[in-house]
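S.K.: Got a structure here, written out as structure tokens. Questions coming.
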Amino acid sequence: MKNIIFIAVHGTGKGTQCDLLTEKYKFNHLSTGELIRKAIKKQDDFAKDLEKTINSGKLVSDEVVLDLINDYIATNQSGEGIIFDGFPRTLNQALALDKLLANKKQKIDNVFYLEIAKEEALKRTMGRLICSNCQKSYNKFYDNLKPKQAGICDVCGGKLEQRSDDTEEAFNKLFDTFLEETLPILDYYEDKNILTKIDASMNQEDIFKKVEEKLKEV
Ligand code: AMP
């Protein structure tokens, strides 16, 4: 069993790598962005605040995110490793995660940082389409990532939509926040000798090969 973290700028494609891994191997996929988007569907006052936060390109508070993670880890009984997608995003979250896992006699085994140029991440963000039903991700700017039929999910026939936080304004804000808040945690994991940097300008299959190669190392 391995616990894995994916770190990348908004729009890079970390969700796609997590999907590829969960399709091929037994993992629990924990996306904090997904948990937040589910919470937003409740449409209460708390949900409206969350929606405003993510659409303006800000991070949700550590307190809220850590509550979501606590609930998830407490109820995750299957014994398989967890892929953390989009978490931690701050040093405070990284430290809290280590404590939570230590209480369960577990640790983080691998951290993947998907490196990409800002312009490429922006292009991927602006082209991203998500299935409103099964959440599968597509991209209208790349032939190998387009759906077979425009606007329709290949897998379940659901309607494809653009995420409300996939705007240039939110992207620019998130990019700056990434540099300030998230990049410092790379040093934290590098010191622990569990960080792997991958050139994410490659296509998703080649990135996935690199991830698999690393995970197969003993
Ligand atoms: P993602 O699906 O990972 O792109 O996340 C969508 C949005 O949810 C992010 O842009 C943040 O506003 C928020 N979010 C997701 N994960 C975190 C986190 N670990 N800490 C704070 N905010 C988060």
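S.K.: Report, by residue number, each residue of region 1-29 that is within 9 Å of the chain's Cα centre (by Cα) and aromatic (Phe, Trp, Tyr).
M.R.: Scanning region 1-29 gives a single hit, Phe6.
S.K.: Let me ask something else. Do you know which residues across region 64-98 are more than 9 Å from the ligand (Cβ to nearest atom), polar (S, T, N, Q) and either at pLDDT 95 or above or under 21 Å from His10 (Cβ atoms) (or both)?
M.R.: Of everything in region 64-98, just one residue is more than 9 Å from the ligand (Cβ to nearest atom), polar (S, T, N, Q) and either at pLDDT 95 or above or under 21 Å from His10 (Cβ atoms) (or both), namely Asn92.
S.K.: Shifting gears a bit: Could you tell me which residue of region 197-215 is farthest from Tyr25 (Cα to Cα), considering only residues that are surrounded by fewer than 17 Cβ atoms within 10 Å (Cβ to Cβ) and of a type outside the set (D, E, K, R)?
M.R.: Taking the candidates together, the pick is Ser201.
S.K.: Taking region 125-141, which residues are at negative phi and either surrounded by fewer than 16 Cβ atoms within 10 Å (Cβ to Cβ) or part of a loop (DSSP other than H, G, I, E, B) (or both)?
M.R.: Ser132, Asn133, Cys134, Lys136, Lys140, Phe141
S.K.: Give the residues of region 172-205 that are farther than 17 Å from Gly15 by Cβ, free of Cβ contacts under 8 Å to residues at least 12 places away in the same chain and acidic (Asp, Glu), sorted by residue number.
M.R.: If the condition is that a residue be farther than 17 Å from Gly15 by Cβ, free of Cβ contacts under 8 Å to residues at least 12 places away in the same chain and acidic (Asp, Glu), then Asp176, Glu180, Asp187, Glu190, Asp191 are the ones that fit.
The rows are residues; the columns are (1) under 25 Å from Lys140 (Cα atoms); (2) touching a Ser or Thr at 6+ places or on another chain (Cβ under 7 Å); (3) at pLDDT 95 or above.
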position	(1), (2), (3)
Ile4	no, no, yes
Ala8	yes, no, yes
Thr16	yes, yes, no
Phe27	no, no, no
Ser31	yes, no, no
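S.K.: Still on this structure, I have one more. Can you tell me how many residues in region 54-93 are in contact with a helix residue (DSSP H, G or I) (Cβ under 9 Å, 6 or more places away or on another chain) and farther than 22 Å from Thr22 by Cβ?
M.R.: The qualifying residues number 14.
S.K.: Let me ask something else about it. All but one of (1) under 16 Å from the mean Cα position of the chain (by Cα); (2) within 17 Å of Asp19 (Cα to Cα); (3) at pLDDT 95 or above; (4) not acidic (Asp, Glu) hold for Lys136; which doesn't?
M.R.: It is condition (3) that Lys136 fails.
S.K.: Could you look through region 24-63, keep only residues that are within 13 Å of the ligand (Cβ to nearest atom) and assigned to a loop (DSSP other than H, G, I, E, B), and pick out the one that is nearest to Thr125 (Cα to Cα)?
M.R.: Gly57
S.K.: If you don't mind, another one. Quick one: which of Leu101, Leu21 is over 30 Å from Phe141 (Cβ atoms) and away from the ligand (no atom under 13 Å from the Cβ)?
M.R.: It is Leu101.
S.K.: Name, by its number, the condition in (1) touching a Phe, Trp or Tyr at 6+ places or on another chain (Cβ under 6 Å); (2) farther than 17 Å from Arg37 by Cα; (3) not acidic (Asp, Glu) that does not hold for Leu129.
M.R.: Here Leu129 clears every test but (2).
S.K.: Take the residues in region 49-80 that are touching a residue at least 40 places away in the same chain (Cβ under 8 Å) and in contact with a strand residue (DSSP E or B) (Cβ under 9 Å, 6 or more places away or on another chain); name whichever of them is surrounded by the most Cβ atoms within 10 Å (Cβ to Cβ).
M.R.: The extreme case among them is Tyr72.
S.K.: Here's a follow-up. Could you check region 100-151 and list, in sequence order, the residues that are closer than 22 Å to Asn203 by Cα and β-branched (Val, Ile, Thr)?
M.R.: If the condition is that a residue be closer than 22 Å to Asn203 by Cα and β-branched (Val, Ile, Thr), then Val111, Ile116, Thr125, Ile130 are the ones that fit.
The values are calculated or read from the model by the stated rules, or taken from the named source; none is laboratory data. Source: prediction; values computed, not measured. All Cβ positions, even for glycine, are placed from backbone atoms using ideal geometry, and neighbour counts span all protein chains on display.
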